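The values are calculated or read from the model by the stated rules, or taken from the named source; none is laboratory data. Keep in mind that what you see is a predicted model, and the values were worked out from it rather than measured. Using ideal geometry, Cβ is built from the backbone for each residue, glycine included, and neighbour counts are taken over all protein chains shown. Just the protein is used for accessible areas: all its heavy atoms, side chains included, with ligands, DNA and RNA removed. Shrake-Rupley method; radii C 1.70, N 1.55, O 1.52, S 1.80 Å.
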Amino acid sequence: MDKEYDYITDPKGIEVRSFEIITEELGPHEFSDAEALVVKRVIHTTADFEYAEIIEFANGALEKGMAALKNGSDIYCDTRMVMSGINQKRLGDLGGKTYNHVHDEQVAKDAKARGITRSMVGLEKAAFDKNTKIFAIGNAPTALFVLIDLIKEGKIKPELVIGAPIGFVGAEESKELLRTLDIPYIAIRGRKGGSPVAATIINAMMYQL
């Protein structure tokens, strides 16, 4: 069959060419090699080069996060969508797992009784799990607000917080508050972000281990 466009059909070839294009269009930057790999994967996931301008790595975020992953840290994800985007086999090989409490029956009851979001209660429940050193927030600003409060109160000290909630109500504000903390974090400033972005950041770190 004649093709009007000579497109690449090999899956690996598509990925290789995609990253070639991203590298070319990204051009000069001030990211470290490890940070650049994360940024390029986020751009690959979103097809949005603005992420190179709005992503922020702070306080040794990659080093601390990758060390936690190597040590088998579990990852609390604010949505199942974040969980589904993470390479579970790779994480399992490192000794960790992902989990989420938003759909737990008791969490739902407590949230309704208190008049707050299930994301908030789920985060509270996860915060004191001793093997959870990484929190990946890709959807719920309320979960990030709760996590920030717990950190400020000295009740928890994560090895890495990924602050990437998306939206119009509280998303930007929660990430700006995260940026005031002296902890390792990767933040997506402004309204952008989302569960696929949070998952991609985790994967990009694991692929470097």
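Listed values, structure above:
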item: Only listed residue being farther than 20 Å from Tyr99 by Cβ, in contact (Cβ under 8 Å) with a residue 24 or more places away in the chain and not hydrophobic (A, V, I, L, M, F, W, C), chosen from Gly163, Gly167, Gly122; result: Gly167
item: Filter result (farther than 21 Å from Ala199 by Cβ and touching a helix residue (DSSP H, G or I) at 6+ places or on another chain (Cβ under 9 Å)) within segment 171-182; result: Glu173, Leu177, Thr180, Leu181
item: All positions within segment 99-111 that are in a helix (DSSP H, G or I) and surrounded by 13 or more Cβ atoms within 10 Å (Cβ to Cβ); result: Val107, Ala108, Asp110, Ala111
item: Residue within segment 24-33 that is loosely packed, with under 15 Cβ neighbours inside 10 Å, modelled with pLDDT under 95 and on the phi > 0 side of the Ramachandran plot present; result: yes
item: Residues (open to solvent by 10 Å² or more (accessible area, probe 1.4 Å) and farther than 13 Å from Ala136 by Cα) located in segment 69-98; result: Lys70, Asn71, Asn87, Gln88, Lys89, Arg90, Gly92, Asp93, Leu94, Gly95, Gly96
item: Given (1) surrounded by fewer than 21 Cβ atoms within 10 Å (Cβ to Cβ); (2) more than 15 Å from the chain's Cα centre (by Cα), number of the condition Tyr207 does not satisfy; result: (2)
item: Subset of segment 42-81 [charged (D, E, K, R), out of contact with any strand residue (DSSP E or B) (no Cβ under 9 Å at 6 or more places or on another chain) and within 18 Å of Lys192 (Cα to Cα)]; result: Asp48, Glu50, Glu53
